[in-house]
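K.L.:
Sharing a structure, written as structure tokens. Questions coming.
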Amino acid sequence: MLRPIVALLLLGAATPALAQTDARAVLNLAKTRLPAPALVARYGSDPLQKGELRLPKGKGPFPVAVVIHGGCWSATIEDWQGTAPLAEALAARGIATWNIEYRRTGNPGGGWPGTFEDVAAATDYLAVLAKTQPLDLTRVAVVGHSSGAHLALWVASRPKLHDPVAGAMTVRPVTAVAIDGPGTLAPFVGVDAEICGAPAIVPFMGGTPQEKGAAYTLASPQDHLPLGVHQLVVLGALGMMVEPYTQAALASGDTVVKLAPGGANHFNIITPETPQGKQVADFIAAQAFGE
């Protein structure tokens, strides 16, 4: 079953190679045009445990989205500025955003379990921010792109884990948004090397699924369905990686709303200056909180 999925994934990623390159260039340019966030705060002692808070115009309190960048879970591919344009676009649409950085493979303490502990702690830090900022913690979404989509779904799965890695869970999202990324790990060992240019999942988890089965189970949102939260899924170049999770979530009884923008690739969907990125930002703003 995996072999046809791999073939389709590679076809989808390789065919529009020029478009992917152009979209990445537009995204990189968009990063340079952003206004300063309302504040930058640290949710932990490590220099990478930080986030940017952006606020909409007005008094609030505002719904808030935790925004998690992708990059193959690796310290060398992408950082928090990859999702900063999307975070700014959501703030312009009335949703406060907490665009986070976190330790990844290659950073001291990154990978399993440190990356998971970081995104959990960053989410829970909203409770601290809400003491001084106009945030409505009854309306929290967690939004992730690429490998960040996996982490966003994982944050939503925390109440199902019954394990210390889940953290304090002082903040519980009501919506998870997965933008062109997987909801599980083990089935994509091997596929990841083709997409990321090198193995990503095994280094990230510190071993193979056979060696660290319990950790892979804790790390894979698909293994904890139903998550019991509203879910939005955006399909881009990695749609065939996203679909198995989407179908499993629907079968479990979770509500899932899908968007597949025309002409989408992996990067234009998080670049609000493109038609596809604007459509994604509009979709999240309209659907995340049922308003």
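The values are calculated or read from the model by the stated rules, or taken from the named source; none is laboratory data. This structure is a prediction, so every number in the text was calculated from the model and none was measured. Because the Cβ atoms are built from the backbone with ideal geometry, glycine has one as well, and the counts that use them run over all protein chains shown. Accessible surface areas use protein heavy atoms only, side chains included; no ligands, DNA or RNA. Shrake-Rupley method; radii C 1.70, N 1.55, O 1.52, S 1.80 Å.
K.L.:
Over the chain, with a Gaussian network built from C-alpha contacts below 10 Å, which listed residue (149, 30, 214) shows the highest mean-square fluctuation?
P.N.:
214
K.L.:
Can you spot the aspartates and glutamates whose alpha carbon is less than 12 Å from residue 59's alpha carbon? Ignore those fewer than 8 places along the same chain.
P.N.:
Partners found: 136.
K.L.:
Ok, one more. What whole-number value in cubic angstrom gives the convex hull volume per residue for the C-alpha atoms of the stretch 80-163? Please list the in-between numbers first.
P.N.:
Details: hull volume 9.4 nm³, N = 84.
For the stretch 80-163, the hull spanned by Cα atoms encloses 112 Å³ per residue.
K.L.:
Bin width 5 Å, origin at 0, all Cα-Cα pairs of the chain: what percent of pairs per bin?
P.N.:
All Cα pairs considered, the percentages come to 1, 6, 13, 19, 21, 19, 13, 6, 2, 0, 0.
K.L.:
Write out the trypsin sites (Lys or Arg not before Pro) in the stretch 83-156 meeting two conditions: DSSP loop, and at most 12 other Cβ atoms within 10 Å of their Cβ.
P.N.:
On the way: sites: 93, 103, 104, 131, 139; in loops: 93, 103, 104, 131.
Within the stretch 83-156, the qualifying trypsin sites (Lys or Arg not before Pro) (loop, at most 12 other Cβ atoms within 10 Å) are 131.
K.L.:
Report the full-extension gain for the segment residue 194 to residue 138: residue separation times 0.36 nm, less the Cα-Cα distance, to one decimal in nm. Numbers along the way, then the final one.
P.N.:
Working: separation 56, 0.36 × 56 = 20.16 nm, distance 3.99 nm.
Net length gain for the segment: 16.2 nm.
K.L.:
Also: At 1.4 Å probe size, with the rest of the protein present, what percent of the exposed accessible area of the chain is carbon and sulfur atoms? It would help to have the intermediate numbers written out before the result.
P.N.:
Numbers: 6620 of 11240 Å².
Whole-percent figure for carbon plus sulfur exposure: 59.
K.L.:
The stretch 120-252: percent of C-alpha pairs farther apart than 17 Å? Working shown, then result.
P.N.:
Values: 5148 of 8778 pairs.
Percentage above 17 Å: 59.
K.L.:
Viscosity 1.306 mPa s, temperature 10 °C: Stokes-Einstein D of the stretch 14-156 from its Kirkwood Cα radius, in µm² per second? Let's see the in-between values first.
P.N.:
Values: Rh = 15.4 Å.
The estimated diffusion coefficient comes to 103 µm²/s.
K.L.:
Now a separate question. Please give the solvent-accessible surface of residue 216 in Å², to the nearest 10, using a probe radius of 1.4 Å with every protein chain present.
P.N.:
Counting only protein heavy atoms, the figure is 10 Å².
K.L.:
Report the local net charge at residue 238: Lys and Arg +1, Asp and Glu -1, summed over other residues whose C-beta lies under 13 Å from its C-beta. All intermediate terms of the calculation are to be shown ahead of the outcome.
P.N.:
On the way: positive: none; negative: 180, 192, 194, 243.
Net charge around residue 238: -4.
K.L.:
Separate question: Restricting to DSSP H runs of at least four residues, report the calculated mean residue ellipticity at 222 nm for the chain, -39500 (n - 2.57) per run over all residues, nearest 500 deg cm²/dmol. Spell out each step's value before the answer.
P.N.:
Values: 11 runs with 108 residues, N = 291.
Estimated from H runs of four or more residues: -11000 deg cm²/dmol.
K.L.:
Give me the 1.4 Å probe accessible area per residue for the stretch 248-291, excluding ligands and nucleic acids, in Å². Spell out each step's value before the answer.
P.N.:
Values: 1850 Å² over 44 residues.
Normalised by residue count, the accessible surface of the stretch 248-291 is 42 Å².
K.L.:
When only Cα pairs under 8 Å and 6 or more residues apart are kept, what is the percent relative contact order across the chain?
P.N.:
Working: 614 pairs, mean separation 56.9, N = 291.
About 20 percent, as a whole number.
K.L.:
Please work out the average accessible area per residue across the stretch 81-185, using the 1.4 Å probe convention, and give it in Å².
P.N.:
Numbers: 2810 Å² over 105 residues.
On a per-residue basis, the stretch 81-185 sits at 27 Å².
K.L.:
Cβ neighbours within 10 Å, averaged per peptide: list 189-200, 265-276, 238-249 in order, most packed at the top.
P.N.:
Working: 189-200: 16.9, 265-276: 24.2, 238-249: 20.0.
Those peptides, ordered most packed to least, come out 265-276, 238-249, 189-200.
K.L.:
A further question on this structure: So what are the radius of gyration and Dmax for the Cα set of the stretch 56-111, in Å?
P.N.:
Taking only Cα atoms of the stretch 56-111, I get Rg and Dmax of 13.4, 41 Å.
K.L.:
Another question about this same structure. Report, ordered by chain and residue number, the lysines lying within cross-link reach of residue 57, taken as a straight Cα distance under 24 Å and ignoring same-chain residues fewer than 8 apart.
P.N.:
Cα-Cα hits under 24 Å: 31, 131, 278.
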